Amino acid sequence: MSHTPSTQPMDTVFIEGLKTQAIIGIYDWERENRQPLIFDIDMDLPIAQAAKSDDINDTVDYKQVSDEVIAIVEQSRHELLETLCEEICQHILKNHLAVQMVRLKVSKPQAVAETDTVGLKITRHRVL
C-alpha cells in the first residue's frame, strides 16, 4: 500500500450498519449475555491512486476491515464502549496505512429499554 501525503483530497470509504454481538457493559446482565452492536465506520483517504490503478492495494478493503472489526468485537470483553471503540480505531489506523482518519459510531440498541439505541461516536486521525 502506498502512503500518500495529506495534501491530496480526502475521500471516504464507509461501512454502515455492521452488525455483531459482544459481551460489553458494566451490569451483570451485560456480562452474561452477548448483545448486538451496530457500527458505522467512515475512513478518510485519498483514492486517486486506486482510481488510476484499479488495484485494491491502493485503497482500503471494506470487507477486510469489516471482518477485522467483527473479530475484535467478538473477542473483546470490555466494560466500556469507549475502550472498544478506541481499540477498533487504532487497529484500523495501524493496519490500513492509506486511512488518514476514522470516524466510528457504535450503537448499543439493548442498553436502555426506553430508547431506540444509545452509543458513542469518536474520530481519530493518523499521527504523522
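The values are calculated or read from the model by the stated rules, or taken from the named source; none is laboratory data. Keep in mind the model is a prediction, meaning the values are calculated, not measured. Neighbour counts run over all protein chains shown; Cβ positions are idealised from the backbone, glycine included.
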Residues satisfying the stated conditions in region 1-51, i.e. modelled with pLDDT of 95 or more, farther than 20 Å from Lys94 by Cα and touching a Ser or Thr at 6+ places or on another chain (Cβ under 8 Å) | Leu18, Leu37, Ile38
Pick from region 97-107, criterion crowded, with 21+ Cβ neighbours inside 10 Å and closer than 14 Å to Val13 by Cβ, ranking: modelled with the lowest pLDDT = Ala98
Candidate set from region 22-42 (those that are outside any helix (DSSP H, G or I) and free of Cβ contacts under 8 Å to residues at least 60 places away in the same chain); member that is nearest to Arg126 (Cα to Cα) = Ile23
